[in-house]
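The values are calculated or read from the model by the stated rules, or taken from the named source; none is laboratory data. Bear in mind the structure is a predicted one, so any value in this text is a computation, not a measurement. With ideal geometry, Cβ positions are generated from the backbone for all residues, glycine too; neighbour counts draw on all protein chains shown.
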Amino acid sequence: MLLTKREEQLMKAFLQVGKLSLKEMADILQVSSRTVYRTLSDLTESLSKEEIQLIKDGKKYYLSGNLSALSDYQSDTAYSPSQRQTLMAYQLLTSQDLVTNEQLQDQFLVSNVTVIQDVAEIERRLAVFELQLVRQRGYRVESSTSQKRRFLAILLANTISIQDFWADDYADFPILQVARIRQARQVFERYQHLLGDLDPKLKEFLMILLGLADNQGELTQQVNVSKVALDFAQKVFTDLAKETKQFYSIQEIIYFATILDEVIIKRQEVPLFSESFDSGFYYSISQLVDSISRFTKIDFVKDKVLFPLLFHHIRLSLAVPVLFPDRATTNVAYLATQKNPFLHSVVSLVMQDLFPRYIHNEYEYELVTLHFASSLRRSPDIYPIRMLLVTDERPLTTSVLVSKIKSVAPFVGWMDVQSTTNLAQLNLAQYDYCLATKPIPQMDMDVISTFPNTKEILELQERLQSIQEHRTVAVREEIVVNKHYDLQAYLKGSSHLLEHFALYDLENSGTFEETVTQIVEQLSFVKDWHYLANKLISRFQMSPLAIPNTNLALIHTQSSQVTQSQFQIVSLQQPVTALSMNNQPETVQRVLVMLTKLGEQEEIRELMTAISQSIIENNLYTEIYRTGNQEIIYQLLNSIFNEKIKQWEN
């Protein structure tokens with residue numbers, strides 16, 4: 001007996017439950033009532049061959065007959081709503097003829113109502129990408145070749161798993177010719193090292209885009225394509241032309257370079273040494289963390305891991321957005337939002353303000369919420385718990401226990417281990433939680449085994465998480481930790497930058513560009529100030545770095561004309577206007593100057609990167625750069641360097 005997937009689902013449900021109403025069957029199949037009737041009719045016909053009847057009793061249905069015969073059956077292919085919408089969209093994008101409603105009903109074995117609902121969802125997603133669905137006795141997608149090809153590449157990258165793509169297993173999508181895609185993949189991988197580490201899904205998207213190049217249609221042209229992207233595209237298309245024996249037009253090369261620029265090259269995590277980058281995207285990630293911190297009153301900016309995680313996640317989401325999310329694949333993210341409803345609502349609203357419409361959906365909101373929820377559990381700098389462990393066990397035994405506790409509760413900021421002999425000298429009010437390895441008379445402390453089992457550890461984790469969520473913020477004594485550094489190269493580099501740091505006034509005049517020229521003219525460590533000024537202005541025009549609502553602008557570069565790396569701040573007597581990171585005019589009163597000599601040692605480069613990140617990622621630091629005097633900013637830089645050195649040392 002051969003059953004469709006829906007017939008199989010219904011049959012299993014009847015066997016497990018007994019009687020089912022029409023509404024219950026619609027919920028199980030996730031389809032309309034009309035599709036349920038159609039499926040019931042098909043199932044009745046299939047079961048009649050086994051002399052089994054489908055009987056209606058009031059508002060419910062049940063099976064009657066020799067049900068043991070149902071053990072031997074086979075199921076046909078059926079699709080989830082997400083899979084169905086994806087395949088329908090593919091057919092609409094690639095078909096040379098009109099696609100009718102009846103064709104889609106027959107192909108996917110669904111009702112007219114289901115097709116209409118699916119097409120409406122497809123039309124909504126197409127519209128976000130500036131593609132139009134035209135209805136004229138059928139369906140047809142209209143748009144520019146550029147947008148249509150990019151949407152198709154995203155759709156294919158969504159649908160084909162990374163494993164299947166590398167195994168050339170995508171027979172359901174004949175627009176991808178195996179030989180052509182294999183050549184595109186080999187050529188791309190030949191030069192991939194020029195782009196650095198790439199997410200596998202991002203590589204798949206770019207390879208598909210390369211394989212779809214066909215010299216057909218008018219492609220959108222961009223003027224400001226970076227040299228890096230253009231060089232890469234030229235190398236790839238030159239080799240691809242040799243492999244395929246096919247000529248590729250200049251507009252194909254520029255189109256590919258433009259997308260390469262947008263999704264990778266201009267979105268580098270550390271933009272300091274990049275000639276061109278998407279400052280707006282960088283600023284949006286910073287604002288996401290800062291806004292969520294302000295609205296939730298949780299100091300997420302202290303979690304140093306959160307920014308890079310969000311950076312890479314959203315960079316991939318913008319490059320290859322999930323077009324038709326499958327709710328079944330986001331259980332973990334969904335649970336995170338259920339436990340943090342306020343955090344989820346704030347993330348949803350902030351993302352709508354900061355990012356393009358095509359990632360405005362519940363799927364993305366839940367995943368980003370999961371990042372912030374994980375940050376609470378991961379970082380000892382956000383809502384840290386101060387914990388006391390009272391034990392008289394030997395040091396090695398105690399160390400093993402402490403490690404176990406920290407492994408399940410890394411958000412414990414400080415664990416103070418004390419002997420029972422010191423209890424009289426301790427102020428227990430300074431701790432959020434007290435734990436002992438043995439009961440202590442007349443003291444209400446939780447007890448844990450010296451070698452706790454899995455159940456005890458998990459119960460402790462739940463208890464600590466609950467304490468963290470309900471922790472009362474109170475003034476507590478500072479715990480002083482002795483710091484011992486032995487990183488001479490970093491210490492020498494930080495001393496050099498601090499020694500040459502300066503904040504000074506400039507009697508400037510004219511525009512922002514003229515002011516930059518005046519600043520460079522006064523620098524003693526520049527060989528060719530005219531060349532350097534032009535380079536700084538050109539870089540700023542490509543990637544504006546006036547920081548919104550701060551009156552600050554950052555100019556930076558790496559050049560052979562710089563004799564020693566320095567960071568300086570110039571306070572302008574006459575404010576000037578410059579373009580900000582969000583492409584709005586910003587009144588600039590201070591200019592931050594970061595210049596690195598060519599071939600500078602890695603330690604100096606990393607310290608300069610730490611400064612640049614502090615300017616953009618941390619609003620408190622930005623405020624100090626905006627208003628502080630030389631002594632205060634000197635202390636801030638010293639603090640940033642010490643924090644970095646501590647991280648490297650650990």
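Having 2 or more residues that are over 30 Å from Ile154 (Cβ atoms) and of a type in the set (A, V, I, L, M) is the bar; report the helices (runs of 4 or more DSSP H) wholly within the range 341-442 that clear it.
It comes to 395-408.
Could you please find all residues in the range 602-650 being surrounded by 15 or more Cβ atoms within 10 Å (Cβ to Cβ) and in a loop (DSSP other than H, G, I, E, B)?
Scanning the range 602-650 gives Asn618, Gly628.
Determine whether the range 245-267 contains at least one residue that is touching a residue at least 60 places away in the same chain (Cβ under 8 Å) and under 30 Å from Glu623 (Cβ atoms).
yes
Which of the residues that make up the range 484-516 are of a type in the set (Phe, Trp, Tyr), modelled with pLDDT under 90 and part of a helix (DSSP H, G or I)? First the steps, then the outcome.
Restricting attention to the range 484-516, the residues satisfying the condition of being of a type in the set (Phe, Trp, Tyr) are 485, 490, 501, 504, 512.
Now drop any that are not modelled with pLDDT under 90, which leaves 485, 490.
The one that is of a type in the set (Phe, Trp, Tyr), modelled with pLDDT under 90 and part of a helix (DSSP H, G or I): Tyr490.
Which one of these is more than 21 Å from Leu579 (Cα to Cα), hydrophobic (A, V, I, L, M, F, W, C), in contact with a Ser or Thr (Cβ under 7 Å, 6 or more places away or on another chain) and outside the structural domain of Leu198 (by TED's automatic domain parsing): Phe300, Phe295?
Phe300
Determine if the range 211-227 includes at least one residue that is assigned to a helix (DSSP H, G or I) and closer than 29 Å to Glu606 by Cα.
The answer is yes; a qualifying residue exists.
Identify, from the list Glu643, Glu600, the residue that is over 21 Å from Ser291 (Cα atoms) and within 28 Å of the chain's Cα centre (by Cα). Let's see the steps before the verdict.
Values: Glu600 fails: within 28 Å of the chain's Cα centre (by Cα).
From the options Glu643, Glu600, the qualifying one is Glu643.
Based on what the data block shows, is Leu579 more than 17 Å from Ser509 (Cα to Cα) and assigned to a strand (DSSP E or B)?
Details: more than 17 Å from Ser509 (Cα to Cα): yes; assigned to a strand (DSSP E or B): yes.
Here the answer is yes, as Leu579 does meet what is asked.
So which residues in the range 612-639 are aliphatic (A, V, I, L, M) and modelled with pLDDT of 90 or more?
Ile624, Ile632, Ile633, Leu636, Leu637
A quick yes/no check of all residues on (1) under 19 Å from Glu462 (Cβ atoms); (2) β-branched (Val, Ile, Thr); (3) assigned by TED's automatic domain parsing to the domain that holds Arg463:
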{"position": "Glu393", "(1), (2), (3)": "no, no, yes"}
{"position": "Ser399", "(1), (2), (3)": "no, no, yes"}
{"position": "Lys404", "(1), (2), (3)": "yes, no, yes"}
{"position": "Val408", "(1), (2), (3)": "yes, yes, yes"}
{"position": "Gly413", "(1), (2), (3)": "yes, no, yes"}
{"position": "Thr420", "(1), (2), (3)": "no, yes, yes"}
{"position": "Ala424", "(1), (2), (3)": "no, no, yes"}
{"position": "Ala429", "(1), (2), (3)": "no, no, yes"}
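So if I check each of Ser276, Ser286, which one is on the phi < 0 side of the Ramachandran plot, surrounded by 17 or more Cβ atoms within 10 Å (Cβ to Cβ) and part of a helix (DSSP H, G or I)?
Values: Ser276 fails: part of a helix (DSSP H, G or I).
The unique qualifying residue is Ser286.
Inside the range 1-33, can you point out the residues that are over 40 Å from the mean Cα position of the chain (by Cα) and basic (Lys, Arg)?
Initial filter on the range 1-33 (over 40 Å from the mean Cα position of the chain (by Cα)): 1-3, 11, 14-22.
Residue satisfying the conditions is Lys19 alone.
Tally time: how many residues in the range 124-137 are farther than 19 Å from Gln83 by Cα, crowded, with 16+ Cβ neighbours inside 10 Å and not aliphatic (A, V, I, L, M)?
Of the residues in that region, 1 qualify.
With the requirement that a residue be loosely packed, with under 14 Cβ neighbours inside 10 Å and either within 33 Å of the chain's Cα centre (by Cα) or at pLDDT 85 or above (or both), what does the range 102-112 give you?
Glu102 - this is the single residue of the range 102-112 that is loosely packed, with under 14 Cβ neighbours inside 10 Å and either within 33 Å of the chain's Cα centre (by Cα) or at pLDDT 85 or above (or both).
Results for (1) buried (at least 21 other Cβ atoms within 10 Å of the Cβ); (2) closer than 23 Å to Ser276 by Cβ; (3) charged (D, E, K, R), shown as yes or no for each residue.
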position: Asp199; (1), (2), (3): no, yes, yes
position: Leu210; (1), (2), (3): yes, yes, no
position: Gly217; (1), (2), (3): no, no, no
position: Thr220; (1), (2), (3): no, yes, no
position: Ala229; (1), (2), (3): yes, yes, no
position: Lys235; (1), (2), (3): no, yes, yes
position: Asp239; (1), (2), (3): no, no, yes
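Let's see how each residue does on (1) modelled with pLDDT under 90; (2) more than 28 Å from Lys148 (Cβ to Cβ); (3) of a type in the set (A, V, I, L, M, F, W, C); (4) more than 16 Å from the chain's Cα centre (by Cα):
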{"site": "Gln268", "(1), (2), (3), (4)": "yes, yes, no, no"}
{"site": "Gly280", "(1), (2), (3), (4)": "yes, no, no, no"}
{"site": "Phe324", "(1), (2), (3), (4)": "yes, no, yes, yes"}
{"site": "Asn331", "(1), (2), (3), (4)": "yes, yes, no, yes"}
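Only one residue in Leu498, Leu503 is closer than 19 Å to Ser612 by Cα, among the aliphatic types (A, V, I, L, M), surrounded by 12 or more Cβ atoms within 10 Å (Cβ to Cβ) and touching a Ser or Thr at 6+ places or on another chain (Cβ under 7 Å), so which one is that?
Checking each option against the conditions leaves just Leu503.
Note down all Cβ pairs under 9 Å where the first residue falls in the range 562-575 and is assigned by TED's automatic domain parsing to the domain that holds Leu536, the second is among the aromatic types (Phe, Trp, Tyr) and part of a strand (DSSP E or B), and they're at least six residues apart or on different chains.
From the range 562-575, the pairs are Gln568/Tyr504; Ile569/Tyr504; Val570/Tyr504; Ser571/Tyr504.
Checking Glu121 against (1) surrounded by 14 or more Cβ atoms within 10 Å (Cβ to Cβ); (2) over 26 Å from Gln136 (Cβ atoms), only one condition comes out false. Which one?
(2)
Residue check: is Ile519 closer than 30 Å to Gln488 by Cβ and either β-branched (Val, Ile, Thr) or at pLDDT 95 or above (or both)?
Criteria not met by Ile519.
Name the single residue, out of those in the range 401-441 being within 10 Å of Leu388 (Cα to Cα) and among the polar types (S, T, N, Q), that is modelled with the highest pLDDT.
Looking at the filtered set, the residue picked out is Gln418.
Among the candidates Ala153, Ala179, single out the residue that is surrounded by fewer than 18 Cβ atoms within 10 Å (Cβ to Cβ) and part of a helix (DSSP H, G or I).
Just a single option satisfies the conditions, and that option is Ala179.
Suppose the filter is of a type in the set (Ser, Thr, Tyr), free of Cβ contacts under 8 Å to residues at least 12 places away in the same chain and farther than 21 Å from Phe277 by Cα; does Thr587 pass it?
Working: of a type in the set (Ser, Thr, Tyr): yes; free of Cβ contacts under 8 Å to residues at least 12 places away in the same chain: no; farther than 21 Å from Phe277 by Cα: yes.
For Thr587, the condition - of a type in the set (Ser, Thr, Tyr), free of Cβ contacts under 8 Å to residues at least 12 places away in the same chain and farther than 21 Å from Phe277 by Cα - is not met.
I'd like to verify a number: residues in the range 192-225 that are free of Cβ contacts under 8 Å to residues at least 60 places away in the same chain and among the polar types (S, T, N, Q), how many?
So the answer is 4.
Within the range 26-41, how many residues turn out to be in contact (Cβ under 8 Å) with a residue 24 or more places away in the chain and crowded, with 17+ Cβ neighbours inside 10 Å? Can you show your working first?
Step one: of the range 26-41, the residues in contact (Cβ under 8 Å) with a residue 24 or more places away in the chain are 30-32, 34-35, 38-40.
With the extra rule that they be crowded, with 17+ Cβ neighbours inside 10 Å, the set shrinks to 31-32, 35, 38-40.
Going through the range 26-41 one residue at a time, the tally reaches 6.
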